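The values are calculated or read from the model by the stated rules, or taken from the named source; none is laboratory data. None of the values given here were measured: they were computed from a predicted structure. Cβ sites come from the backbone with ideal geometry, for glycine too, and all protein chains shown count toward neighbours. The area values use the complete protein model at the heavy-atom level, side chains included, leaving out ligands, DNA and RNA. Shrake-Rupley method; radii C 1.70, N 1.55, O 1.52, S 1.80 Å.
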Amino acid sequence: MTVVQLSAELPEDVTYVFPLPHAPGTASVMRRRVCAVLTDWRVPAEVAEDVLLLASELLTNAITHALPPATLRMSQVLVDGLKAVRIEVTDSGPAAPADPAAAGLDPDEHGRGIEIVMALSARHGVREHAEGAGWWADVVVS
């Protein structure tokens with residue numbers, strides 16, 4: 001797996017941009033939108049499952065650890081000449097660090113998101129911007 005620091009000038013086909021409120025139900029709405037886009041792009045079911053899981057992981061991280069607002073971007077990019085789907089979730093930067101025990105977070109149930117991102121993506125990374133950061137992952141389609 002490759003972690004890449006992208007510049008803000010990276011050329012890509014950003015086709016879908018969805019604002020993501022920090023509210024109950026955001027994850028389920030996001031899953032439906034991602035599924036609809038992947039269906040429109042004719043992404044095979046097994047690849048779509050990986051993209052959906054990556055989107056969920058990145059969104060959950062933004063909602064749990066960052067300041068609102070969050071935005072989901074989906075685009076089609078090339079990875080070593082192969083068609084890929086990029087999922088990127090941007091946020092407004094880190095929220096104040098919370099004590100996991102005080103926040104009610106079980107350490108055995110949290111902290112594995114990056115491992116999932118690494119396992120399912122061809123490459124992934126972070127794009128820093130003035131208002132925060134965008135965490136992204138590319139999944140090869142063909």
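Structure notes:
- Residue 75 in a strand (DSSP E or B), of a type outside the set (A, V, I, L, M) and modelled with pLDDT of 75 or more: yes
- Among the candidates 42, 31, the residue that is assigned to a helix (DSSP H, G or I) and either open to solvent by less than 20 Å² (accessible area, probe 1.4 Å) or at pLDDT 80 or above (or both) is uniquely 31.
- Counting the residues of the range 48-73 that are open to solvent by less than 60 Å² (accessible area, probe 1.4 Å), in contact (Cβ under 8 Å) with a residue 60 or more places away in the chain and either touching a Lys or Arg at 6+ places or on another chain (Cβ under 7 Å) or under 13 Å from residue 137 (Cα atoms) (or both) gives 5.
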